[in-house]
Number of protein chains: 2
Amino acid sequence: MNDYVVIGCSSSPRWCAISRKAGGLTLSDEARRVTSVDVAAESGFSQATVARAFSSPHLVSPATRETIEQAADKLGYIPNAIARSLKSQRTDIVAAVVPAQGEYWQHALISFGRQLAERDKQLLLFSFSDSADVARVIDSVQQYRVDGMILASANVTQVQLARLNRGAMPIVAFNQPAASGIIPSVSVDNAAGTAALATHLVEQGCRKVTFVGGRSETSTDQIRYRGAAQELGRHGAACAYLEAGSFSYDSGYKAAAHLAELDELPDAVMVSGDELAFGVLDGLRTLGISAPDDLLLTGFDGLPQASWAGYDLTTLVQSIDSLAEHVIDLLLSAQPETEIADIVVPGTVRVGKTTRRLSNG
Amino acid sequence: MNDYVVIGCSSSPRWCAISRKAGGLTLSDEARRVTSVDVAAESGFSQATVARAFSSPHLVSPATRETIEQAADKLGYIPNAIARSLKSQRTDIVAAVVPAQGEYWQHALISFGRQLAERDKQLLLFSFSDSADVARVIDSVQQYRVDGMILASANVTQVQLARLNRGAMPIVAFNQPAASGIIPSVSVDNAAGTAALATHLVEQGCRKVTFVGGRSETSTDQIRYRGAAQELGRHGAACAYLEAGSFSYDSGYKAAAHLAELDELPDAVMVSGDELAFGVLDGLRTLGISAPDDLLLTGFDGLPQASWAGYDLTTLVQSIDSLAEHVIDLLLSAQPETEIADIVVPGTVRVGKTTRRLSNG
DNA sequence: TGAATGAATGACTACGTAGTCATAGGGTGC
DNA sequence: GCACCCTATGACTACGTAGTCATTCATTCA
């Protein structure tokens, strides 16, 4: 009765494709992959019914389903998502294009992954170190016909966006204010965020503030600075801008030296990102300048480390999970007729000891 | 002459599929996807030649290639990686199954992504918070017929490994010592690492050490502890084990309280992971116990933050890039006949101020 | 009881590509 | 001038699935 030989389905060691000889029948060295056709033959139903048993179980009678599942188990059948995608024009994969560096992006990435998993989607990761790579990366993404793309790079040119528009792929820009209005985007309210931090500083009596930015050409930096400067201006306080060069810890550490070289220390330093702020804080400490005592200091992002006792940084907390949820919602519910969405999520100020004066006037 | 209408290729807004009516000809609302067949028609060559022009350019004459590329550009053709994968049985995708929490994993992830990108592979991310999810995740992975899988979970049971072996998918375990010998694995030399740190502590005069582990049931913890305890024993020093509960900062912070409650402080605290160590360090500081002065403290992993001035932690630096490179090499060169590889990469001790006594006897 | 309805299933085909085989020339060696 | 080889190309088909349509059979309603 059992006149076929099942290959590579029993306890064959590791991933080697085991060939077996049975009854004089010589099989190829390649282990044949088990398909829905094999399961159909084993179970006595048609391939169509087997496919339905897996993709639309409600269309198959319980008894049949049971039989098919047993046959599938016996053969070790696993549906082929590639073939499914080709046929159904859906991959259930979302691509994320994110910078390789930076704590913030790493946390965002994990959040995307989690939210997508909840909706039975997978995350295809494309990270880039040099923003010149972005174009190449985007070409790659398009080939995979993913269901959507999360774009977290500030360095996409108009030309690149045009190329993206040629495809039929939903795209959402993540924390990339420059893209707002061009492609659907989700960001934290950067301007309101730094404004809120500025208000807090003014309340602490600050009149002279230096804003330490990562890279001045990023829209993020520009908007955050403007938000701070305007709010400070409204209260008659000054706000200078100092560029650190990047958003990394090291850049912040070095920027601290520049701050210390100023003729007069500012009342407060507002830093454009938390990671950068950690660097500034440590740099200043090394130079004997303490955060709550000699000047106040704020960050931006609300990274977990900001809450660590070693830093306890006043910062603007972005709810990354909430941002990510909006991104995924936009992607997966993408309606062609909808106008270009531009979702701005407010952040909340976290007051740490870097702005908490012992004696407060 | 131009009796067809190209759809969605010009400057159509965003990703909407634009329908156009031309000369009484009504086209469907769905933008038709451009395939190699369309490019063939446009260029005058066959589909086979078009496919070759993209996948094996050397088999096509330069003139033909040029013509085809122009036609492809005109139509906005992008090769379909899904169809290619179905036909070629290669996806050029590697899956990574990693814990959602933990700085260390995030860095590893980024390193995997970078190394894979260099080899024109993509990274499909599967993260899990609860290790109970791992089985479900692994089922998902198998459906995508990825070219390989990086497994960075310590909680894969024998049964799950057996299921994996049914497939023909190369797998490499990453920093999961328990898997060594069962599936190919790559890890840092945990035992030698803690032994080296222990040697360093002994040289600093430590006789009484407490090892703070994350979770005692993980093989990582066990091996690291054993490495430390044996080396300390060889020098007549004692080594107690304290379980923090997880490898997170918070766990470390809480574990510090337990340390402080001991009748007598140890000479040194060895912590099983850097993130955990940051927590211990901050927790002790809060309790008035300073790292180089009241006791020495070491971590493990060599996270970037360990070098930050705020911590300056003595730790065992794992070269994540080097580990990742070994992982990718193993995956992509997977030879069925090779015996199960078990690559152990040495780490290096980084001496920070947490073990640097001002006055050294 | 006959027609209508619905559930369950099978036959067939399209999805878009790449590899196999066959074929047509153009060049080379003798 | 013939046999040979190599390059460039085309026709054809398989990859594994899911959706469309047709068919069968049981059930329901008038």
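The values are calculated or read from the model by the stated rules, or taken from the named source; none is laboratory data. Everything numeric here is computed off the predicted structure, so don't read it as measured data. Neighbour counts are summed over all protein chains in view; Cβ atoms, including those assigned to glycine, are modelled from backbone coordinates with ideal geometry. For the accessible areas, the whole protein counts, side chains as well, though only heavy atoms, and no ligand, DNA or RNA atoms are used. Shrake-Rupley method; radii C 1.70, N 1.55, O 1.52, S 1.80 Å.
Below is a table of values for the structure above.
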read-out	value
Stretch gain in nm, segment B:S46-B:R356, where the contour uses 0.36 nm per residue and the Cα spacing is subtracted	104.4 nm
In the A-B interface, the accessible area buried, summed over both sides, Å² (probe 1.4 Å)	6300
Other-copy label distances relative to B:D321, 7 angstrom Cα-Cβ extension, nm	3.5
For A:E203, label point 7 Å along C-beta direction: distances to other copies, nm	5.2
Which listed pairs, of A:K121/B:K74; B:K208/B:K254; A:K74/B:K121; B:K87/B:K121; A:K254/B:K353; A:K121/B:K121, have C-alpha distances above 27 Å, in listed order	A:K121/B:K74; A:K74/B:K121
Accessible area of region B:33-79 divided out per residue, in Å², using a probe of 1.4 angstrom	55
FRET efficiency, 1/(1 + (r/R0)^6) with R0 56 Å, evaluated for A:I340 and B:R207 via beta carbons	0.25
Stokes-Einstein D (µm²/s) once Rh is taken as the Kirkwood radius of region B:33-79 over alpha-carbon pairs, at 4 °C in 1.567 mPa s	130
Region B:111-253: radius of gyration and largest Cα-Cα distance (Dmax), Å	18.3, 56
Pairs of alpha carbons in region B:61-134 whose separation is greater than 21 Å (percent)	53
Charge dipole magnitude, Cβ of K and R +1, D and E -1 - region B:33-79, Cα centre, debye nearest 20	120
